[in-house]
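The values are calculated or read from the model by the stated rules, or taken from the named source; none is laboratory data. Predicted model, so just to flag it, every value in this text is computed and none were measured. Every residue, glycine among them, receives a Cβ derived from its backbone with ideal geometry; neighbour counts consider all protein chains shown.
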Amino acid sequence: MTETQTYSFFLGCVMPNRFPNIEKSIRIVMPELGIVLEDLEGASCCPAPGVIRSFDEPTWLALASRNLALAEKAGHDIITGCNGCYGTFKEALHSVHEHPERLKEVQKILKDVGYKYKATSDAKHVVEIIYEKGTEAIKALVKRPLTGIKVAVHYGCHLLKPSKLRPWEQKQKHTFLDEIVEATGAESVKYKDKFTCCGAGGGVRASNATVSVDIAKEKLENVQDAEADCILDACSFCHLQFEASQMQLNKEMGEHKYQIPVIYLTQLIGLALGLDPDDLGLDKHVISTQSFLDKVLG
Amino acid sequence: MERDNIETENIDPEFVDALVEAGADRIRTCIQCGTCSSVCPSGRRTAFRTRELMRKAVLGLKDEVLSSSDLWLCATCLTCLERCPRQIRTTDAIIIMRNMAVEEGYMLPPHRKTAKKLLQTGHAVPLDDANQEMRKELEMDEVPPTVHSHPDALDEVKRIMEKTGFKKLIEEEVEG
């Protein structure tokens with residue numbers, strides 16, 4: 001969409017309620033890039049694709065559609081910084097577009113609570129809109145080049161898959177997030193199994209913490225092997241997973257082996273734009289970002 | 001030697017039809033190649049085998065599939081769905097089976113807890129005191145502009161969950 005750069009900002013659950021520092025970084029960095037975020041007043045859980053969609057797909061679809069109806073009412077596309085919420089909205093839209101009977105059912109439910117719903121607002125990811133702005137535009141805004149910073153980029157799953165329902169030209173071996181990271185002057189390092197899951201999704205973190213944390217552990221160790229200064233994500237749930245799993249692993253093992261700073265995309269961009277680290281919430285991480293900040297601020 | 005025989009009485013021929021009807025339309029074309037299991041991050045560290053699950057589903061071993069907690073080891077990373085040479089939407093099939101399992105009353109307690117939070121607050125992960133404080137420190141609205149700040153909006157969300165039967169689904173079962 002070129003006619004408008006205003007989006008209905010969908011927060012979800014994990015971002016506003018567990019990592020408000022990420023929310024803050026999105027709120028201050030996006031306007032710097034010329035993107036206006038309008039609050040989506042009264043939005044609920046997306047709802048969670050892991051547990052809620054697995055429990056009852058019609059409920060998941062109805063609640064997702066209500067959130068989309070709020071954006072439709074505001075006249076904008078919805079924007080989210082969580083891969084799970086992104087997946088929910090993309091799949092919910094596809095579901096009603098492909099199945100007119102489901103759209104009718106959802107419209108009936110929403111009408112009873114006072115909404116008209118046509119499924120016309122699209123869902124966008126924060127990364128998608130930043131990438132649309134272009135890496136050259138970011139480069140032009142950089143005031144504090146992140147030269148020498150080694151970043152391990154983590155895409156997550158639902159940002160990329162199912163590939164048939166995603167906007168990316170490539171189906172695999174994506175580079176768009178690496179390109180954004182490198183526009184800040186940082187280096188995106190290669191590491192093993194870069195495109196694998198963080199392990200949090202599908203309700204696995206809630207019900208099978210051991211398995212979930214073990215998936216994260218493998219990923220974190222691959223990042224350590226690459227000698228990266230941080231792991232970078234663009235999803236609040238992956239972010240929670242990497243922050244919390246490192247704390248859990250250190251506690252279990254009685255050591256401090258896992259100390260990889262977990263940086264959200266807009267925090268990295270904000271640093272490159274010269275913004276204050278505290279304003280970007282970098283002083284409010286579970287795993288200290290000090291080693292990373294020392295290198296950035298030199 | 002004891003063998004795990006597949007008893008005829010355990011085969012529900014309508015199970016696979018129900019899966020196909022619900023959207024797992026290519027599941028019958030499974031050739032048991034094992035690509036799904038080979039790319040599965042959960043399968044890498046547990047006995048969960050997507051291939052086995054697909055085979056059992058096609059065979060119609062409904063009760064065995066729906067009652068197994070293995071069904072909940074899928075992290076929905078969608079890698080198997082991308083890689084399946086038969087273009088079976090494996091992850092979708094798993095979600096369909098999970099919906100069926102829940103309908104039969106199989107819910108893992110932590111998941112029911114998450115569902116209850118959604119019923120009560122409109123958020124699967126609601127705000128807590130520590131994060132309300134952090135929001136304040138970050139000079140943002142102490143309570144986010146979601147259903148948390150709008151009781152009327154929360155009421156809508158609750159009414160939707162009553163209408164779809166979600167409230168009944170979550171609350172009627174005895175605590176497991």
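Just a few scattered comments:
- Check on B:GLY43, under 26 Å from A:ARG102 (Cα atoms) and part of a loop (DSSP other than H, G, I, E, B): no
- In the range A:10-57, residue farthest from the other protein chains (Cβ to nearest Cβ) [restricted to those that are buried (at least 24 other Cβ atoms within 10 Å of the Cβ) and assigned to a strand (DSSP E or B)]: A:PHE10
- Cβ-Cβ under 7 Å pairs, at least 6 apart or on other chains, the range A:192-209 side at the interface with another protein chain (Cβ under 7 Å from one of its Cβ atoms) and among the hydroxyl-bearing types (Ser, Thr, Tyr), far side crowded, with 24+ Cβ neighbours inside 10 Å and in a loop (DSSP other than H, G, I, E, B): A:THR196/B:PRO41
- For the range A:171-191, the tally of residues that are part of a loop (DSSP other than H, G, I, E, B), in contact (Cβ under 8 Å) with a residue 40 or more places away in the chain and surrounded by fewer than 19 Cβ atoms within 10 Å (Cβ to Cβ) stands at 1.
- Boolean, B:VAL102 is modelled with pLDDT of 95 or more, part of a helix (DSSP H, G or I) and among the hydrophobic types (A, V, I, L, M, F, W, C): yes
- Any hit, the range A:92-115, residues being away from chain B (no Cβ under 12 Å), in contact with a strand residue (DSSP E or B) (Cβ under 9 Å, 6 or more places away or on another chain) and under 29 Å from B:PRO109 (Cα atoms): yes
- All positions within the range A:219-235 that are in a helix (DSSP H, G or I) and either at the interface with another protein chain (Cβ under 8 Å from one of its Cβ atoms) or surrounded by 20 or more Cβ atoms within 10 Å (Cβ to Cβ) (or both): A:LYS219, A:LEU220, A:VAL223
- Yes/no for A:ASP294 being assigned to a loop (DSSP other than H, G, I, E, B) and either at pLDDT 95 or above or within 22 Å of the chain's Cα centre (by Cα) (or both): no
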